[in-house]
Amino acid sequence: MKKIVITGGAGFIGSHIVEHFAATYPNAEIVVLDKMTYAADIRNIFSLMREPRFQLIVGNICDLDTCVRAVKGADLVIHAAAESHVDNSFGNSFEFTQTNVVGTHCLMEACRRENVERIIHVSTDEVYGEVISGTADENALLKPTNPYSASKAAAEMIISGYLRSYKIPLVMVRANNIFGIRQYPEKIIPKFMISMMMGNKLTLHGSGQNRRHYLSAWDFAEALEMLAKFGEIGRCYNIGTVEEYTNFQMAQMISSIFGLSVDETVTYVADRPFNDFRYAVEWSQIAALGWKPKRSLRDELPVLARWYAENISRYAAPSKVIRKPVYDTVGTFDDEAVVAAAE
């Protein structure tokens, strides 16, 4: 592979994809197209910027000329750029439509014009809407429930049209919640960890019983590599994990790393509108290709806590830190006790 383009590559998920593909294809040119919004950070990709084969294009995927320039001559384009924070989508839904729908349209058109050999589009499991029990497979109806997931579902419709009309060589993925280092602290794990360090309460929406599955960013990047090689053109692949926790359990695990009980750290706030109770995907299609998750959230949480403690200056004044992680393992908890405590 001679040239790989990753949109959103300076962000949390994107930077993990960049690192993985740069290591897997040491002779390939790596191009990152990123608008460098608040959730991106040049330090996420700084280690690669000294390499002659690396290029950062600071630009907007809603600009067709920029997209064409970025993907010209590309063997592989991975589209990871997106507005992704659900809470923000309620207050500024148009920006989500602009970036996630119009931006995807521009990128697909650029890839079509430049005859890109393979495209991977990163969607989300949230397009399925709530999955109260069981799992959603790739043929399930799309039932988005908030502006963010609606914009991602709309982007999929644009892609569906390009697949049918132009036969573009695209594979799509819908993944569970992704965790790892460098995640901007608007999402639950880094937000809770930084709150702990600052001595603030961990805020839970509603009862705290909403459930999510958690997938490592490294495992996700490995899944994309497998699909770049073996994924069937025109097919969508769910990328999932068996690790599922309530938000209350997440608060409990993170509190234990800092040597505190959840009773000392949690406060409850009003639930947000249309707060989906649970997402869950069936992922046998990608498992059949030989992929499975290798990393456990329970094992990785202490590692993440140490990383945020060591890199707190990215997100807050180090002088205001009053607490640091003290344990390298997550405490045990009983599911029934967790439910009873939150009720």
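The values are calculated or read from the model by the stated rules, or taken from the named source; none is laboratory data. Quantities reported herein were computed from a predicted structural model and do not represent experimental measurements. As a convention, Cβ positions derive from the backbone with ideal geometry for all residues, glycine included, and neighbour counts pool all protein chains shown.
Miscellaneous remarks
- Just one residue in the set 301, 297 is in contact with a strand residue (DSSP E or B) (Cβ under 9 Å, 6 or more places away or on another chain) and closer than 18 Å to residue 265 by Cα; that residue is 301.
- When residue 70 is tested against (1) under 16 Å from the mean Cα position of the chain (by Cα); (2) at pLDDT 95 or above; (3) buried (at least 21 other Cβ atoms within 10 Å of the Cβ), just one condition goes unmet, and that condition is (1).
Conditions tested, residue by residue: (1) part of a loop (DSSP other than H, G, I, E, B); (2) at pLDDT 95 or above.
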site: 89; (1), (2): no, no
site: 95; (1), (2): no, no
site: 98; (1), (2): no, no
site: 102; (1), (2): no, yes
site: 111; (1), (2): no, yes
site: 115; (1), (2): yes, yes
site: 121; (1), (2): no, yes
site: 127; (1), (2): no, yes
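- Scanning segment 81-123 for residues that are touching a helix residue (DSSP H, G or I) at 6+ places or on another chain (Cβ under 8 Å) and among the aromatic types (Phe, Trp, Tyr) yields 90, 96.
- Residue 264 passes every criterion in (1) without any contact (Cβ under 8 Å) to a residue 24 or more places away in the chain; (2) over 27 Å from residue 205 (Cα atoms); (3) in a helix (DSSP H, G or I) apart from (2).
- Test: residue in segment 47-67 that is part of a helix (DSSP H, G or I), of a type in the set (Ser, Thr, Tyr) and surrounded by 16 or more Cβ atoms within 10 Å (Cβ to Cβ): yes
- Among the residues listed as 233, 239, 254, the single one being among the β-branched types (Val, Ile, Thr), under 27 Å from residue 289 (Cα atoms) and surrounded by 23 or more Cβ atoms within 10 Å (Cβ to Cβ): 239
- Residue list for segment 301-314, restricted to those being hydroxyl-bearing (Ser, Thr, Tyr) and touching a residue at least 60 places away in the same chain (Cβ under 8 Å): 308
- Residue in segment 25-55 that is nearest to residue 187 (Cα to Cα), counting only those that are out of contact with any helix residue (DSSP H, G or I) (no Cβ under 6 Å at 6 or more places or on another chain) and either outside the structural domain of residue 120 (by TED's automatic domain parsing) or polar (S, T, N, Q) (or both): 37
- Residues (at pLDDT below 95 and of a type in the set (Phe, Trp, Tyr)) located in segment 135-165: 148
- Scanning segment 160-192 for residues that are small (Gly, Ala, Ser) and either touching a residue at least 12 places away in the same chain (Cβ under 8 Å) or buried (at least 23 other Cβ atoms within 10 Å of the Cβ) (or both) yields 175, 180.
- Of the residues making up segment 9-40, those that are assigned to a loop (DSSP other than H, G, I, E, B), within 19 Å of residue 99 (Cα to Cα) and touching a strand residue (DSSP E or B) at 6+ places or on another chain (Cβ under 6 Å) are 9, 10, 36, 40.
- Qualifying residue in segment 310-324 (condition: part of a loop (DSSP other than H, G, I, E, B), more than 30 Å from residue 133 (Cβ to Cβ) and among the β-branched types (Val, Ile, Thr)): yes
- Hits in segment 281-300 (condition: among the hydrophobic types (A, V, I, L, M, F, W, C) and either free of Cβ contacts under 8 Å to residues at least 24 places away in the same chain or farther than 20 Å from residue 222 by Cα (or both)): 287, 288
- Residues of segment 298-324 that are among the aromatic types (Phe, Trp, Tyr) and over 19 Å from residue 214 (Cα atoms): 315 alone.
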